[in-house]
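Participant: The structure follows.
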Amino acid sequence: MDSAPATSLIIATYNWAEALHCSLLSVIKQTVLPKEVIIADDGSDDRTREVVRKAQESFPVPVIHAWHEDRGFRKSQILNKAIGQCSGAYVIQVDGDVLLHASFVQDHLAAAERGAFIRGTRARLTPAKTNELLRNADTNVSFFSKGVYNRLNALRLPVLQSLGQRREMKCRSVRGSNLAFWKDDFLRVNGYNNELSGWGHEDEELAARFINNNIIKKIVKLGAVQYHLHHDELPRSNEPLHRQIIQDTLLTKVKRCLNGYENLL
């Protein structure tokens, strides 16, 4: 963009303090810092609270801790709460189990445009590489590092980034781990759907309502690089129901969810 909007970085987390610490270290290294960082904490214990407290003491931008009681997987609700506390016009959203390339925020802002939301990708790290990084509180990982797979997603080529971008009016493969949108677009669709509890597809369902409002998905590759730390998969018992909700949202052209951002205020 010609002039970068004030940007809030949302980091979603739950009871993995070591990963969040490394993720925050990767934020400090950004060539372009966000205006603020909001930790969307789905009920973590005191270990995560301590990581956030220490970050608040030394971070170059404000760090805000949005927390609610642990009553099971309620990521949609804590994201709504976190975005309610952000002051930026533009929101970049990641998970607390990813490490960000130093140009991650810069690349997102370069891709930002009105009438669009951004879907990025992620490279993945092996269990051994993950353990090494966490043990050493290290964020030094690159396209060339051992222990990286989905390696093409770790490729950053600024001069070719426009070739790595495409658009589609489809919500598939949207992941909240690498997502960006305008806050006013988020409010327009009433944010995340609070009815989705348990793992799965809250990000795609939000994207479906963006699409229904003619906000196009812009896919970004060759930039906005991030590395996903390895962990065991979460239980997915509600996944079929969530997938059905997405299909209904698309079929009936729902533009706003009935129980979303505004309903938590």
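Participant: Out of the residues in the stretch 1-59 meeting the condition of being among the acidic types (Asp, Glu) and under 22 Å from ASP138 (Cβ atoms), tell me which one is surrounded by the most Cβ atoms within 10 Å (Cβ to Cβ).
Facilitator: Applying the filter and picking the extreme gives GLU18.
Participant: Another question, then. Condition first: under 18 Å from LYS29 (Cα atoms) and of a type in the set (D, E, K, R). Now tell me which residues in the stretch 130-152 satisfy that.
Facilitator: ASP138
Participant: With respect to the numbered conditions (1) buried (at least 20 other Cβ atoms within 10 Å of the Cβ); (2) at positive phi, which one is the sole condition not fulfilled by TYR90?
Facilitator: (2)
Participant: Mind checking which helices (runs of 4 or more DSSP H) fall wholly inside the stretch 98-201 and carry at least 3 residues that are in contact (Cβ under 8 Å) with a residue 12 or more places away in the chain, buried (at least 20 other Cβ atoms within 10 Å of the Cβ) and touching a helix residue (DSSP H, G or I) at 6+ places or on another chain (Cβ under 9 Å)?
Facilitator: 104-111
Participant: Of TYR149, TYR261, which residue is within 17 Å of ARG122 (Cα to Cα) and of a type in the set (Phe, Trp, Tyr)?
Facilitator: TYR149
Participant: Residue under question is GLU69, and the condition is that it be of a type in the set (D, E, K, R) and farther than 26 Å from ARG156 by Cα; does it hold?
Facilitator: For GLU69, the condition - of a type in the set (D, E, K, R) and farther than 26 Å from ARG156 by Cα - is met.
Participant: Does ARG135 meet the test of being in contact with a Lys or Arg (Cβ under 9 Å, 6 or more places away or on another chain) and among the charged types (D, E, K, R)?
Facilitator: no
Taken together, the values in this text are just the output of simple stated rules run on the coordinates, not laboratory data. All figures in this text were calculated on a predicted structure; none of them were measured in a lab. Cβ atoms come from the backbone with ideal geometry, glycine included; neighbour counts cover every protein chain shown.
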